[in-house]
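So the structure is just underneath, and the comments pick up after that.
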Amino acid sequence: MKPLKPWLTFADQLLQLQSRGLQVDNPAAALDYLERLGYYRLSGYWYPLRAIDPVASMAQGKAVRLDSFVPGCCFEDVVRLYVFDKKLRLLALDALERIEMAVRVDVAHLLGQRDSRAHENPACLHGNFTKKVIARGADAGKTQHQVWLAKYQSMLYRARKEPFVAHHQQQYGALPIWAAIEVWDFGLLSKLFAGMQYADQQTIAALYGAPSGQAFAQWLRSLNFIRNVSAHHSRLWNINVLELSSVPAGWPAALNRAKPFFYFCLMQLLLRVICPNSSWGQRFKNLLADEFPVVANQTISLLELGAFPGWEGWALWPQP
């Protein structure tokens, strides 16, 4: 095991970056960013500005970065990329809040007509979710529904002082599904949707133009991944998405489902159903067109986001 890297003062951190070839035009401003955001967080944004080791890259079959920077790269490029990514995350959260609220209501309205406590009633959900026992891992011996209920109870406990929660618990001993949805997070929503009966999944999926209920369940899992990255202030713009959804039939073949851009396309598809007059799609286009940093040596591009040449003309997005 290698020893951990030594602690450095903020001034020494800046000197180290400069010694590796990163141009710093305004040292005072650079120090301020290091003090407020941290060297490690910013390192994800200057990583693509580091030079590639051709020998090691050939030997390992993948790009291997040197500590030194590509000539001409500036600390200001790092800051602009960080600010772009922050605005990208905020756009994602804006869309995902609307999507989460709408799908919550759809689930509660559909299941609630069957049983006001349908989320707790195994008869209202799919047998694989409520009867199939998990074979291994921390939840071995439980069903997915039992695991879901434990997480729901935990969220309910945290919200116990909310007036609507306290009222229902004191008066009725439980929350009806149309009230319970208010304590769910996106992850709990996506897991319950995945545990619904196929016909119910299909009914909701059809509202949003999804090819099937199972495909829509995967969309929700993928979007929950994007939501978690964004909510925890992690780097989003070029991340490798771990929860992959399939590309809908008829969509451009150039779409890369392992990159965030594809999931922004799904957000736009869903928002056109939920709030068709929203300016969200135009704001996304403007962000990519106006605020993605242009680096003189072209070491970064929107291809790393997953955007493909000419995407702006695709009918999914607002046109002039």
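Given the criterion out of contact with any Lys or Arg (no Cβ under 8 Å at 6 or more places or on another chain), of a type in the set (A, V, I, L, M) and either modelled with pLDDT of 95 or more or under 16 Å from E97 (Cβ atoms) (or both), identify the matching residue among L271, L236, L223.
Values: L271 fails: out of contact with any Lys or Arg (no Cβ under 8 Å at 6 or more places or on another chain); L236 fails: out of contact with any Lys or Arg (no Cβ under 8 Å at 6 or more places or on another chain).
The unique qualifying residue is L223.
Kindly evaluate V79 against the criterion of being surrounded by 13 or more Cβ atoms within 10 Å (Cβ to Cβ), modelled with pLDDT of 95 or more and touching a Pro at 6+ places or on another chain (Cβ under 9 Å).
Numbers: surrounded by 13 or more Cβ atoms within 10 Å (Cβ to Cβ): yes; modelled with pLDDT of 95 or more: yes; touching a Pro at 6+ places or on another chain (Cβ under 9 Å): yes.
Here the answer is yes, as V79 does meet what is asked.
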Any chance N277 is without any contact (Cβ under 8 Å) to a residue 60 or more places away in the chain and either of a type in the set (V, I, T) or within 28 Å of Y47 (Cα to Cα) (or both) | no
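Would you confirm whether or not segment 146-160 contains a residue that is part of a loop (DSSP other than H, G, I, E, B), over 17 Å from G112 (Cα atoms) and assigned by TED's automatic domain parsing to the domain that holds L90? Talk me through it step by step, then tell me what you get.
Taking segment 146-160 and keeping what is part of a loop (DSSP other than H, G, I, E, B), we get 159-160.
Now narrow it down to the ones that are over 17 Å from G112 (Cα atoms): 159-160.
Next cut, assigned by TED's automatic domain parsing to the domain that holds L90 only: 159-160.
The answer is yes, given that some residue of segment 146-160 is part of a loop (DSSP other than H, G, I, E, B), over 17 Å from G112 (Cα atoms) and assigned by TED's automatic domain parsing to the domain that holds L90.
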Starting from segment 182-210, keep only residues that are assigned by TED's automatic domain parsing to the domain that holds P276, then list their pairs with residues that are among the acidic types (D, E) whose Cβ atoms are within a distance under 7 Å, requiring at least 6 positions of separation or different chains.
-> F186/E100; L189/E100; I204/D106; L207/D106
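Let's see how each residue does on (1) in a helix (DSSP H, G or I); (2) crowded, with 16+ Cβ neighbours inside 10 Å; (3) without any contact (Cβ under 8 Å) to a residue 40 or more places away in the chain; (4) in contact with a strand residue (DSSP E or B) (Cβ under 8 Å, 6 or more places away or on another chain):
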residue: L236; (1), (2), (3), (4): no, yes, no, no
residue: N240; (1), (2), (3), (4): no, no, yes, no
residue: E243; (1), (2), (3), (4): no, yes, yes, no
residue: G250; (1), (2), (3), (4): no, no, yes, no
residue: A253; (1), (2), (3), (4): no, no, yes, no
residue: L266; (1), (2), (3), (4): yes, yes, no, no
residue: V273; (1), (2), (3), (4): yes, no, no, no
residue: G281; (1), (2), (3), (4): yes, yes, yes, no
Among A138, A123, the single one that is out of contact with any helix residue (DSSP H, G or I) (no Cβ under 7 Å at 6 or more places or on another chain) and at pLDDT below 95 is A138
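Consider A108 carefully, then state whether it is surrounded by fewer than 13 Cβ atoms within 10 Å (Cβ to Cβ), of a type in the set (G, A, S) and modelled with pLDDT of 95 or more.
Numbers: surrounded by fewer than 13 Cβ atoms within 10 Å (Cβ to Cβ): no; of a type in the set (G, A, S): yes; modelled with pLDDT of 95 or more: yes.
Here the answer is no, as A108 does not meet what is asked.
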Could you grab the pairs with beta carbons closer than 7 Å, sequence gap of 6+ or different chains, first residue in segment 30-49 and among the hydrophobic types (A, V, I, L, M, F, W, C), second one surrounded by fewer than 15 Cβ atoms within 10 Å (Cβ to Cβ)?
-> L31/A11
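This table checks each residue for (1) under 25 Å from the mean Cα position of the chain (by Cα); (2) at pLDDT below 95; (3) in a helix (DSSP H, G or I); (4) hydrophobic (A, V, I, L, M, F, W, C).
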| residue | (1), (2), (3), (4) |
| --- | --- |
| G21 | no, no, no, no |
| A28 | no, no, yes, yes |
| E35 | no, no, yes, no |
| A51 | no, yes, no, yes |
| V55 | no, yes, yes, yes |
| A59 | no, yes, yes, yes |
| K62 | no, yes, no, no |
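Quick check on this structure: which one of L88, L110, L81 is in contact (Cβ under 8 Å) with a residue 12 or more places away in the chain, touching a Ser or Thr at 6+ places or on another chain (Cβ under 7 Å), closer than 30 Å to M267 by Cβ and not in a loop (DSSP other than H, G, I, E, B)? Show your work before the answer.
Details: L88 fails: touching a Ser or Thr at 6+ places or on another chain (Cβ under 7 Å); L81 fails: touching a Ser or Thr at 6+ places or on another chain (Cβ under 7 Å).
The match here is L110.
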Kindly establish whether N277 is over 19 Å from L316 (Cβ atoms), polar (S, T, N, Q) and not in a helix (DSSP H, G or I).
-> no
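The values are calculated or read from the model by the stated rules, or taken from the named source; none is laboratory data. Everything numeric here is computed off the predicted structure, so don't read it as measured data. Note that we place each Cβ from the backbone using ideal geometry, even for glycine, and neighbour counts take in every protein chain shown.
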